[in-house]
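Read-outs: derived from the displayed coordinates by stated rules, not from any lab. Predicted model, so just to flag it, every value in this text is computed and none were measured. Heads up, the Cβs are rebuilt from the backbone with ideal geometry, glycines too, and the neighbour counts pull from every protein chain shown.
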């Protein structure tokens, strides 16, 4: 899922209205996934 989000972000033209919000969404998705994996590995 993260790979698809990054690919979609990369095909957006610079200056496209969705480029910045998509970048933020990709980062938040990574953070959530990373934190979840860390919490599950500790348990």
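Give the peptides 17-23, 33-39 in descending order of average Cβ contacts within 10 Å, highest first.
17-23, 33-39
Based on the Cα atoms of the chain, what semi-axes does the equivalent ellipsoid have, where each is the square root of 5 times one gyration tensor eigenvalue, given in whole Å with the largest first?
27, 9, 4
Per the helix-only calculation at 222 nm, which mean residue ellipticity applies to the chain, given -39500 (n - 2.57) for every DSSP H run of n ≥ 4 and division by its residues, nearest 500 deg cm²/dmol?
One gets -26500 deg cm²/dmol as the mean residue ellipticity at 222 nm.
How long is the gain from residue 36 to residue 7 if the chain were fully straight, where each residue apart is worth 0.36 nm and the alpha carbon distance is subtracted?
That pair, residue 36 and residue 7, stretches by 8.2 nm at full extension.
Compute the acute angle (0 to 90°) between the alpha-carbon long axis of helix 2-11 and the principal axis of greatest extent of the alpha-carbon atoms of the chain; round to the nearest 10°.
With both axes taken from Cα atoms, the answer is about 10 degrees.
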